[in-house]
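Okay, so here's the structure we're looking at.
Just so you know, all these numbers are worked out from the coordinates, no wet-lab data involved. Just so you know, these numbers come straight off a predicted model, no measurement behind them. Cβ: placed from backbone, ideal geometry, glycine included. Neighbour counts: every protein chain shown.
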Amino acid sequence: MGYIGKVHLRNSQKIANADLEAVADVSKRALSEAKRAGAKKTYTDYEDLLKDPQIDAVIIGLPTHLHTDCATRAAENGKHIMLEKPIANNTSDAREIISTAQRHNVKLMVGYPLRFTKVFSDLKNRLITGELGDVVTAYAANVSTGPFMHRAQGHAPIPVPDWWFRRELTGGGALIDLGSHMINLLRWYFGEITEIKAKLGYRFNLDLEDQAVCLARFESGTMGIFNLGYFSQKYQVKVELIVLRITQLLIINFLILWWLQCRCYRLVLQLFGSRILLNSNIF
């Protein structure tokens, strides 16, 4: 169990209608830890876990390049799947995972926790009701240490697995690692992306990008800007909306004339830190 596996192990025990049945890992130390945490059974081979008839669903927290084999085998064994993001390190493998889940009639969910984070789910509700007005532009930022400092144990600089630095194993750097969270969140808010362009940065001369800036248009007409990068020891996960609201409407002799008393304001939501709401006339 890596860092994310331990997170899922802890959280799975808080689900009222689920039991932690088993854990699979090649590390005996990790399995001993899982036993102490309450796992009833442990396996050194996930194939054996997937054949266990007592198990209804699995959480897969493996490195990205191992997702396809494990997820397809889970589906073939009739297990519902919660799969860590990104779904795979290329689109053909992603399609294979999805089609296998559909073929075997199992539920497949990719782990995008921002949809379930209160500050962002509350924003979704406000967008549904139309309370905010017309969202002209959405800015989403996800900035972190990336692979330069390990996420576990307070971001201590302990050894980071070498697969994290290899494009063929990860599928990419900041864009797929951090950007997948923010792109998924804004698709939930504004619909599918109809156009998207990206510029990638290689400041640290790695095999994968350490920075990405994307410009996208959504079905709703909203424009999206994504700022992603491995250049901060402090995490920043933020969504900022530029919203246009027409405050007056004149109706004369059945002719509708728009009185453009427009308020354009910024709504800023930040995951780490306090929630900030700024109202200001921009024009």
Computed over segment 16-73, the relative contact order (Cα-Cα under 8 Å, seq sep at least six) in percent reads 30
Rounded, prolate or oblate: which fits segment 14-66, taking a ≥ b ≥ c as square roots of the Cα gyration tensor eigenvalues, rounded meaning a/c under 1.5, else prolate when a/b beats b/c? rounded
Listed highest first by mean packing, meaning other Cβ atoms within 10 Å per residue, what order do 73-85, 21-33 come in? 73-85, 21-33
